[in-house]
Amino acid sequence: QDIRRKKVRFVLVSGMRTATFVKRLPYLPRADAYATEAGGRIFYPTDDLSEAGVYEVKPANYDGAESDDLKPFGLVEDMEWRKKLEEKAGKFPSLPLSDLAVDSKNLSPDLNERDGLLWDFARLLTSKGYVLDLKGYSACFRVNKKQQTFESGAEFEALLRGDIKPFEGLATSVNLSCIDFYPALSGKKNCCQYLAEKLNAESEMDAESEKEGLLQQHAVCICDDDNDLEMALACGHAFIPEVSSTSMADVIAAHPDHFTQTGGEGIGNMWTSASEVALSLILSRLEVEEEADDKEL
């Protein structure tokens with residue numbers, strides 16, 4: 001909240017299913033935008049709870065919370081973003097957020113009820129014997145290594161290598177022994193680019209070059225996994241609470257000035273404390289920039 005008080009946009013982007021997000025939302029920090037399913041769906045907070053279709057969020061109490069931090073707020077979806085993705089990958093079979101919060105497993109539509117490019121590719125994978133995770137997803141689906149029923153792990157490794165390529169217009173990323181598939185327009189980096197442009201619309205950016213450099217010049221991120229790397233490299237700097245894979249360690253080693261590791265083996269901070277260090281470093285960075293701006297004035 002100290003970061004947001006400096007009039008800096010704070011965005012949470014996750015690969016988690018929307019159903020999981022809804023259940024975790026009362027415990028997450030207030031943000032200017034939230035994105036789920038690898039950037040496939042975007043939501044914004046609103047103080048207007050009277051609007052039709054608004055999902056009400058009641059923040060959980062926490063140490064240091066002020067009365068404004070605990071005020072209920074509404075959540076509305078970015079339908080412009082959703083429409084762009086649906087035009088390319090098929091209609092999202094989404095449920096009201098209030099329903100997802102109660103029973104996402106039994107209410108999620110089956111694959112045969114889903115139409116479009118993304119779900120056609122999903123049907124191709126099921127025809128080859130892969131077990132898909134669709135529950136609570138509407139703009140993405142997951143292939144979890146632990147859920148596969150093949151006699152060996154060769155089939156999953158083949159999918160991991162890209163032996164079965166997603167249809168044109170789709171993209172994929174890896175997260176903790178899971179492979180996610182989603183519209184190519186989506187993905188964390190593209191989602192962040194869209195949000196950076198939308199949340200800075202008042203700056204009247206005209207040149208495409210200005211838009212392309214927006215994340216590099218004005219955004220930093222906190223991340224920890226392979227499916228974050230494209231976004232991390234697009235931003236001006238990335239803070240890493242913990243390195244979760246060898247491939248991520250390799251990328252960090254190749255770009256040492258671009259990453260700051262705040263926790264993990266050899267550093268000392270672990271789990272949430274490493275995230276706190278990252279947030280503190282970002283706050284310090286903002287304060288230095290403020291001092292520089294004051295000197296110029």
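Suppose a student asked you for the relative contact order of region 22-162, using Cα pairs under 8 Å spaced at least 6 residues apart; what percent would you report?
Computed over region 22-162, the figure is 19 percent.
Express the carbon and sulfur contribution to the solvent-accessible surface of the chain as a percent, rounded to the nearest whole number, probe 1.4 angstrom.
C and S atoms contribute 49 percent here.
Over the chain, what is the relative contact order in percent, taking alpha-carbon pairs closer than 8 angstrom and at least six residues apart?
Reported as a whole number, the value is 12 percent.
Setting aside same-chain residues fewer than 8 positions from LYS7, which lysines have a Cα under 27 Å from its Cα?
Reachable lysines: LYS58, LYS71, LYS188, LYS189, LYS198, LYS211, LYS295.
In a Debye calculation with equal point scatterers on the alpha-carbon sites of region 1-72 and no solvent, what is log10 I(q)/I(0) at q = 0.20 Å⁻¹?
-0.96
So how strong a dipole does the chain carry about its Cα centre when Lys and Arg Cβ are +1 and Asp and Glu Cβ are -1, to the nearest 20 debye?
Computed charge dipole of the chain: roughly 1120 debye.
Rg (Å, one decimal) plus Dmax (Å, integer) for the alpha carbons of region 105-242?
Computed over the Cα atoms of region 105-242, radius of gyration and Dmax are 17.5, 57 Å.
Just to be sure I understand, if you calculate Cα extents along the principal axes in Å for this structure, which of [x] 64, 50, 44; [y] 51, 49, 34; [z] 56, 49, 34 do you get?
[x]
Using only alpha carbon pairs under 8 Å that are at least six residues apart, calculate the relative contact order of region 53-120 and give it in whole percent.
That works out to 29 percent.
Roll a 1.4 Å probe over the protein chains and send me the accessible area per residue for the chain in Å².
Result: 54 Å² of accessible area for each residue.
Under 5 Å between amide hydrogens, which residues at least 5 positions from LYS91 or on another chain qualify, with H placed 1.01 Å from N in the peptide plane?
Here the answer is ASP115, since their amide H atoms fall under 5 Å of that of LYS91.
Can you compute the helix-only [θ] at 222 nm over the chain? Use -39500 (n - 2.57) per DSSP H run of at least 4 residues, normalise by all residues, nearest 500 deg cm²/dmol.
That calculation yields -11000 deg cm²/dmol at 222 nm.
Rounding to the nearest 20 debye, state how big the charge dipole of region 125-250 is about its Cα centre with +1 on each Lys and Arg Cβ and -1 on each Asp and Glu Cβ.
Computed charge dipole of region 125-250: roughly 580 debye.
Among SER284, VAL102, LEU215, flag the residue with its Cα farthest along the positive direction of the charge dipole of the chain, charges on Cβ as +1 for Lys/Arg and -1 for Asp/Glu.
VAL102
With a cap of 16 neighbouring Cβ atoms within 10 Å, and only residues DSSP puts in a loop, list the chymotrypsin sites (Phe, Trp or Tyr not before Pro) found in region 223-278.
TRP271
The values are calculated or read from the model by the stated rules, or taken from the named source; none is laboratory data. Computed from a prediction, not measured in an experiment: that's the story for all the values here. Cβ coordinates were reconstructed from backbone atoms using ideal geometry, including for glycine residues, and neighbour counts include every protein chain displayed. Quick note on the areas: whole protein, heavy atoms, side chains included, nothing else; ligands and nucleic acids left out. Shrake-Rupley method; radii C 1.70, N 1.55, O 1.52, S 1.80 Å.
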